[in-house]
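Take a look at the structure set out below.
The values are calculated or read from the model by the stated rules, or taken from the named source; none is laboratory data. This is a predicted model, so every value here is computed, not measured. Neighbour counts are summed over all protein chains in view; Cβ atoms, including those assigned to glycine, are modelled from backbone coordinates with ideal geometry.
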There are 2 protein chains.
Amino acid sequence: MKLYESRRAPNPRRVRIFMAEKGIDLSQIERIEVDIAKGENLSPDYRQMNPMGGVPVLELDDGQFLSESVAICRYFEVLHPEPPLMGRSAEQQAIIEMWNRRMELNLLMPVAMAFRHGSGYFADREVVCADYGAASLNNASRMFGFLDRHLANNEYIAGDDFTIADITALVSIDFARVIKLAIAEEQSYLARWHAVVSARASARA
Amino acid sequence: MKLYESRRAPNPRRVRIFMAEKGIDLSQIERIEVDIAKGENLSPDYRQMNPMGGVPVLELDDGQFLSESVAICRYFEVLHPEPPLMGRSAEQQAIIEMWNRRMELNLLMPVAMAFRHGSGYFADREVVCADYGAASLNNASRMFGFLDRHLANNEYIAGDDFTIADITALVSIDFARVIKLAIAEEQSYLARWHAVVSARASARA
């Protein structure tokens, strides 16, 4: 098994944390650094592995390539059901997937869009729109407020248990340093949650 | 069970097709039309059901609300495993989720962004950036080309079987009428696939 990743990008970190929570020893897996800034992920060789050009990519022992972070997580969830990070019953699975998708679409996505359209970091490869970047920063900031209120009544993002939704939220909030967005002093519930999930050993994976 | 939806929006159609493929009789389910153009989905009452404001929302018999289309589909997949639309083995599940996410992020999303930022349809509620809309239209158009090449060697989007990835792709391609993007005459593989999936009874759900 090989993992193609970028140390500082949010999506590979999601997969590393998920694997660590499953008790998979990351030091036993060959890990290849992909230089996104240089566009290595857009090369023809890389696109043979993942035509969409994203990181990470997991190469299975039979030579197949898996991409899309949550699809890679799903692979490990089914192979290693304990501890469950995506739920057990139909209802649990649906609620956790709902919250994970909310974290992706309403937190990670605005943070990423604020970064791309605010910094011009990928101006060599995509259209940059400063107004859209500013609106995305505003949306990300409002989501921090929503989560603070949500976590006043919930131990974790999807309820009582630590799940993949917490991993996506943690990675998104930590990545928000690139848009200079941080948990505000008055957001004490969000800060409490952030301290708890950051203290897990997996957060350093 | 109640389904809050909008007849012409792509995401509720995804869920309806998925349910129809599972053999669930949609006429037995109470369906409530939400007027997105009027912003009914942003009202305080609606946000009690789904704080993110999206359609559809599934209200369960115990009063819980499920949102995020794929989370709703997951609920039905676990309750009604036959026929499988999200795979069985770890590898199948991961590959189908990978392809479904590619259809969401690289097809449905650019189509939606091209519509919003090209038409100003939601200018009353979000920043509109024409350059971003034009770039999104270009990305959606390139994805049509990618899919045509992909379907030259694959019966369905995720391989040999009809899956949720086909549902997401069908709904996205049909919704692309709003940005005046259609399957080109020379895209014969994409056209072949589109005819096959459109001929399924579920496509009319």
Residues of the stretch A:166-185 classified as part of a loop (DSSP other than H, G, I, E, B) and of a type outside the set (Gly, Ala, Ser), total: 4
Sole residue being out of contact with any helix residue (DSSP H, G or I) (no Cβ under 7 Å at 6 or more places or on another chain), under 24 Å from residue B:15 (Cα atoms) and at pLDDT 95 or above, chosen from A:74, A:142, A:149, A:102: A:102
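Do we have residue B:109 as surrounded by fewer than 21 Cβ atoms within 10 Å (Cβ to Cβ) and either outside the structural domain of residue B:55 (by TED's automatic domain parsing) or among the polar types (S, T, N, Q) (or both) here? Working first, answer last.
Details: surrounded by fewer than 21 Cβ atoms within 10 Å (Cβ to Cβ): yes; either outside the structural domain of residue B:55 (by TED's automatic domain parsing) or among the polar types (S, T, N, Q) (or both): yes.
Answer is yes for this residue.
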Candidates B:107, B:66 - the one that is touching a residue at least 24 places away in the same chain (Cβ under 8 Å) and within 19 Å of the chain's Cα centre (by Cα): B:107
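Could you tell me whether residue A:123 is over 19 Å from the mean Cα position of the chain (by Cα), part of a loop (DSSP other than H, G, I, E, B) and farther than 30 Å from residue B:139 by Cβ?
No; evaluated as a whole, the condition is false for this residue.
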Residue B:16 being in contact with a Leu (Cβ under 7 Å, 6 or more places away or on another chain), touching a residue at least 60 places away in the same chain (Cβ under 8 Å), basic (Lys, Arg) and more than 9 Å from every other protein chain (Cβ to nearest Cβ): yes
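If you take the residues in the stretch A:116-136 that are surrounded by 15 or more Cβ atoms within 10 Å (Cβ to Cβ) and more than 11 Å from every other protein chain (Cβ to nearest Cβ), which one is nearest to residue A:40 (Cα to Cα)? Outline the logic, then answer.
Going through the stretch A:116-136, the residues surrounded by 15 or more Cβ atoms within 10 Å (Cβ to Cβ) turn out to be A:116-118, A:121-122, A:127-129, A:132-133, A:135-136.
Now restrict to residues that are more than 11 Å from every other protein chain (Cβ to nearest Cβ): A:118, A:121-122.
Working: A:118: 22, A:121: 15, A:122: 13 Å.
The qualifying residue nearest to residue A:40 (Cα to Cα) is A:122.
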Residue match in the stretch B:28-47 (condition: within 19 Å of residue A:158 (Cα to Cα) and small (Gly, Ala, Ser)): no
All strands (runs of 3 or more DSSP E) inside the stretch B:20-99 with 1 or more residues being buried (at least 18 other Cβ atoms within 10 Å of the Cβ), facing chain A (nearest Cβ under 8 Å) and not aliphatic (A, V, I, L, M): B:65-67
Meets criteria (farther than 25 Å from residue B:21 by Cβ, surrounded by fewer than 23 Cβ atoms within 10 Å (Cβ to Cβ) and modelled with pLDDT of 95 or more) for residue B:179: yes
Selection count where residues are touching a residue at least 40 places away in the same chain (Cβ under 8 Å) and either over 24 Å from residue B:48 (Cα atoms) or hydrophobic (A, V, I, L, M, F, W, C) (or both), scope the stretch A:149-173: 12
In the stretch B:1-19, the residues that are in a loop (DSSP other than H, G, I, E, B) and either touching a helix residue (DSSP H, G or I) at 6+ places or on another chain (Cβ under 8 Å) or within 22 Å of residue B:115 (Cα to Cα) (or both): B:6, B:7, B:8, B:9
